[in-house]
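Okay, so here's the structure we're looking at.
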Amino acid sequence: MFRFGFRAKTPFKSTKNYYIFRHGQTLANKEHRNYGKEIFIAEILPEAIGPLTKLAEYLKNVDASANFASPILRVQQTIEI
């Protein structure tokens, strides 16, 4: 899983934080292969839960004004954690 954060400065000298990260690891990710027909139904692996739990713990205290996510299963599973 990758996490990328940056600060964007506005003309009003306010700072915003953006958090962009991927879904938990799937079997296709682990095996470095394309999803094929499984693109919408691929589930995250059990070993992805640990890193996602750490990310959730970090984000728990982040005040977010907006969240955006795909409706794909692996993304929704990531959000639930």
*Among 67-74, 29-36, the order from most to least packed when residues are scored by Cβ within 10 Å on average*: 67-74, 29-36
*Pop out the ³J(HN,Hα) list for the stretch 55-68 in order, Karplus 6.51 cos²θ - 1.76 cosθ + 1.60 with θ = phi - 60°, rounded to Hz; leave Gly and Pro as x.*
5, 4, 4, 5, 6, 4, 9, 8, 7, 10, 8, 7, 9, 10
_Expected output is a single nm value to one decimal: the length gained when fully extending between Ile41 and Ile79, i.e. 0.36 nm times separation in residues minus the C-alpha distance. What is it?_
12.2 nm
_Solvent-accessible surface (1.4 angstrom probe) belonging to Tyr18, in square angstrom, nearest 10_ = 90 Å²
*Could you look at the stretch 36-81 and say what percent of its accessible area is carbon and sulfur, using a 1.4 Å probe and all protein chains?*
59 percent
*Among the aspartates and glutamates, which have Cα under 14 Å from the Cα of Lys54 when same-chain residues fewer than 8 positions away are ignored?*
Glu80
_Cβ-derived FRET efficiency at R0 35 Å, Glu57 paired with His32, nearest 0.05_ = 0.75
*FRET efficiency for Phe68 and Thr15, using Cβ-Cβ distance with R0 set to 22 Å, rounded to 0.05*: 0.65
_Contact order normalised by length for the stretch 9-81, with contacts defined as Cα pairs under 8 Å and 6 or more residues apart; what percent is it?_
36 percent
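The values are calculated or read from the model by the stated rules, or taken from the named source; none is laboratory data. Only a predicted model underlies this, so the values are computations on that prediction, with no experimental measurement involved. So basically every Cβ, Gly included, is an ideal-geometry build from the backbone, and we count neighbours across all protein chains shown. Accessible surface areas use protein heavy atoms only, side chains included; no ligands, DNA or RNA. Shrake-Rupley method; radii C 1.70, N 1.55, O 1.52, S 1.80 Å.
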